[in-house]
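Taken together, the values in this text are just the output of simple stated rules run on the coordinates, not laboratory data. Note that the coordinates shown come from a computational prediction; the quantities given were computed from them, not determined experimentally. We place every Cβ from the backbone using ideal geometry, glycine too, and count neighbours over all the protein chains shown.
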Amino acid sequence: YADFIVNELKPYIDSTYRTKPERLHTGIMGSSLGGIASLYIAWTHPDVFSRVGAMSTAYWWSNSQILRMLEQTSPPPGVKVWLDMGTAEDSSDRNGDDVPDIIEQHRRARNILMDKGLSIPNRLKYVEDEGAVHNERAWAARVPRAVEFLFPAR
């Protein structure tokens, strides 16, 4: 998938539309498993992407491997990251602390990135959307703010 995005889709878009193809002007964003893919692709292709949006990321997938990748690697130089999650996406609370597991994983991702030097609000935007669920309507409501953060008007 990463190979397709980087070597087929992005070159096609850049050759078909008026874009600014440099990494400074290039971002990737996805929701749920797409949030994992977006983080992974941005981290493994820092020459292509400098902006990444991870919405309602399915941190639990593959035994939270994406969190381990974030812990074990450095963020791409100058990367800006949008992380968001709805507070009503899942109610699983295996440790009984009244905080849903998915929110704890979301906070862990934020803390990892902050420990690696990404500062709020300059390079990291962290959102817990109160009452929002895991669906396209919730993501669509947050996309405008994500785009404004990742690509601010000059």
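Express in % the proportion of alpha carbon pairs of the chain at distances exceeding 27 Å.
Considering the chain, 20 percent of its Cα-Cα pairs are separated by more than 27 Å.
Give the lysines whose C-alpha is closer than 19 Å to that of K116, dropping any in the same chain fewer than 8 places away, or say none.
K80, K125
Taking the Cα centre of the chain as origin and charging only Cβ (+1 Lys, Arg; -1 Asp, Glu), how large is the dipole, in debye to the nearest 20?
Roughly 760 debye for the chain.
On a 0 to 90° scale, report how tilted helix 136-150 is relative to the longest principal axis of the chain, with both axes built from alpha carbons and the result rounded to the nearest 10.
Taking Cα atoms only, the helix is inclined about 60 degrees.
Between R145 and K20, what is the label-point separation in nm under the 7 Å Cα-to-beta-carbon projection?
Taking the two extended label points, one gets 2.5 nm.
Using Cα springs under 10 Å in a Gaussian network model of the chain, which residue among W82, W60, W43 shows the largest mean-square fluctuation?
W60
Rounded, prolate or oblate, given the Cα gyration tensor of the stretch 49-110, with a/c below 1.5 counting as rounded?
prolate
Could you identify which residue out of K20, K80, K125 has the top mean-square fluctuation in a GNM of the chain using Cα springs shorter than 10 Å?
K20
Under 19 Å Cα-Cα from K10, which aspartates and glutamates qualify once same-chain neighbours fewer than 8 residues away are excluded?
E22, D47
Loop by DSSP (not H, G, I, E, B), at most 11 other beta-carbon atoms within 10 Å: where is the longest site-free stretch of the chain for GluC sites (Glu not before Pro)?
It works out to 23-129.
Give me the dipole magnitude in Debye, nearest 20, for the stretch 8-82 about the Cα centre, with unit charges on the beta carbon: positive for Lys and Arg, negative for Asp and Glu.
It works out to roughly 180 debye.
So if the hydrodynamic radius of the stretch 67-154 is defined as the Kirkwood radius over C-alpha pairs, what does Stokes-Einstein give as its diffusion coefficient at 10 °C and 1.306 mPa s, in µm² per second?
Calculated translational D: 113 µm²/s.
Please identify every one of the trypsin sites (Lys or Arg not before Pro) in the stretch 82-116 that sits in a loop by DSSP and has no more than 15 other beta carbons within 10 Å of its own beta carbon.
The qualifying sites are R94, K116.
Please list log₁₀ I(q)/I(0) at q = 0.22, 0.26 Å⁻¹ for the stretch 23-64, using the Debye equation with identical point scatterers on the alpha-carbon positions.
Here log10 of I(q) over I(0) equals -0.61, -0.78.
Say we join alpha carbon atoms closer than 10 Å with springs in a Gaussian network model of the chain; which of Y17, Y126, Y40 then has the biggest fluctuation?
Of the options given, Y17 has the highest mean-square fluctuation.
If you take every DSSP beta bridge fully contained in the chain, what fraction is antiparallel? Give it as a percent rounded to 5.
0
How many nm separate the modelled label positions at R94 and R154, each set 7 Å beyond the Cα in the direction of the Cβ?
Result: 4.8 nm between the two label points.
Could I have the simple spin-label model distance between N111 and Y1, label points 7 Å from Cα toward Cβ, reported in nm to one decimal?
Taking the simple label geometry, N111 and Y1 are separated by 2.7 nm.
Can you give the relative contact order of the chain as a percent, counting alpha carbon pairs under 8 Å and 6+ residues apart?
Relative contact order for the chain comes out at 21 percent.
So if I take the centroid of the Cα atoms in the stretch 110-135 and the same for the stretch 27-79, what is the distance between those two points in Å?
So the separation of the two Cα centres works out to 13 Å.
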